[in-house]
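All remarks here apply to the structure that follows.
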Amino acid sequence: MGRWYRVRLEMDANDTFLVTAPQFPEVTTFGEDQLDALENGRRAIEEAIAARIADGDDIPVPLAKVAKKGWFIELPVLAYLKVALYTICRDQGVSRAELARRMHTHREQVDRLFRLDHNSRMDQIEAAFKAIDVPLRIDVPMPDAA
């Protein structure tokens, strides 16, 4: 699973850029220029994801990589991890109460792991993935040692 979602940018009648997202019909925003539009698009997609999590709905799978043509936004790493945790728990039938039990913590702490606007600590994210028996792997290319 990647961290990219395709967006469409179109110049509108107000000399601003209209942003929509094919995988999120509820996303419509704009920006004064392309950079502003893409940032607003990212925030709108995050809000759409947060609403879907709150409603217990499916979240579209992000792209693993971007195409050479088109516009894309990248989810921040923490948001990506929270989406992955939500998706895996949902697929496995693990409720938030069950995740709290497995993590030996309070339900409120688990609820925060599913809130994109909460700055969860990485040790809590790691513990949640461990509790659902999913290895959390991070692949960062390291420079060769001299």
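Taken together, the values in this text are just the output of simple stated rules run on the coordinates, not laboratory data. In this text the structure is predicted, and so the values were computed from the model without any measurement. In this analysis, Cβ positions are derived from the backbone assuming ideal geometry, glycine residues included, and neighbour counts consider all displayed protein chains.
Kindly provide the set of residues from region 67-109 that are of a type in the set (V, I, T), under 27 Å from V27 (Cα atoms) and out of contact with any Phe, Trp or Tyr (no Cβ under 7 Å at 6 or more places or on another chain), ordered by number.
V77, V83, T87, I88 - these are the residues of region 67-109 that are of a type in the set (V, I, T), under 27 Å from V27 (Cα atoms) and out of contact with any Phe, Trp or Tyr (no Cβ under 7 Å at 6 or more places or on another chain).
Determine whether region 115-123 contains at least one residue that is without any contact (Cβ under 8 Å) to a residue 40 or more places away in the chain, surrounded by fewer than 18 Cβ atoms within 10 Å (Cβ to Cβ), among the acidic types (D, E) and not in a helix (DSSP H, G or I). Walk me through it before giving the result.
Taking region 115-123 first, the residues without any contact (Cβ under 8 Å) to a residue 40 or more places away in the chain are 118, 121-123.
With the extra rule that they be surrounded by fewer than 18 Cβ atoms within 10 Å (Cβ to Cβ), the set shrinks to 118, 121-123.
Filter again for among the acidic types (D, E), leaving 123.
Still in the running and not in a helix (DSSP H, G or I): none.
No, region 115-123 has no match at all.
Under 16 Å from the mean Cα position of the chain (by Cα), buried (at least 17 other Cβ atoms within 10 Å of the Cβ) and outside any helix (DSSP H, G or I): does that describe V19?
No: the conditions fail for V19.
Consider region 11-56. How many of its residues are more than 19 Å from Y80 (Cα to Cα) and among the β-branched types (V, I, T)?
Step one: of region 11-56, the residues more than 19 Å from Y80 (Cα to Cα) are 11-20, 25-26, 28-37.
Filter once more, keeping what is among the β-branched types (V, I, T): 16, 19-20, 28-29.
The total comes to 5.
What number of residues within region 1-32 are in contact with a strand residue (DSSP E or B) (Cβ under 6 Å, 6 or more places away or on another chain) and of a type in the set (D, E, K, R)?
Going through region 1-32 one residue at a time, the tally reaches 5.
Give me the pairs, please: first residue somewhere in region 43-63 and closer than 12 Å to L116 by Cα, second residue anywhere and hydroxyl-bearing (S, T, Y) and in a helix (DSSP H, G or I), beta-carbon distance under 6 Å, and either six or more positions apart or on two chains.
I53/Y86
Using the structure shown, decide if I59 is in contact with a Ser or Thr (Cβ under 9 Å, 6 or more places away or on another chain) and hydrophobic (A, V, I, L, M, F, W, C).
So I59 fits the description; yes.
Would you check if there is a residue in region 35-58 being within 24 Å of V140 (Cβ to Cβ) and of a type in the set (K, R)?
Within region 35-58, one or more residues are within 24 Å of V140 (Cβ to Cβ) and of a type in the set (K, R).
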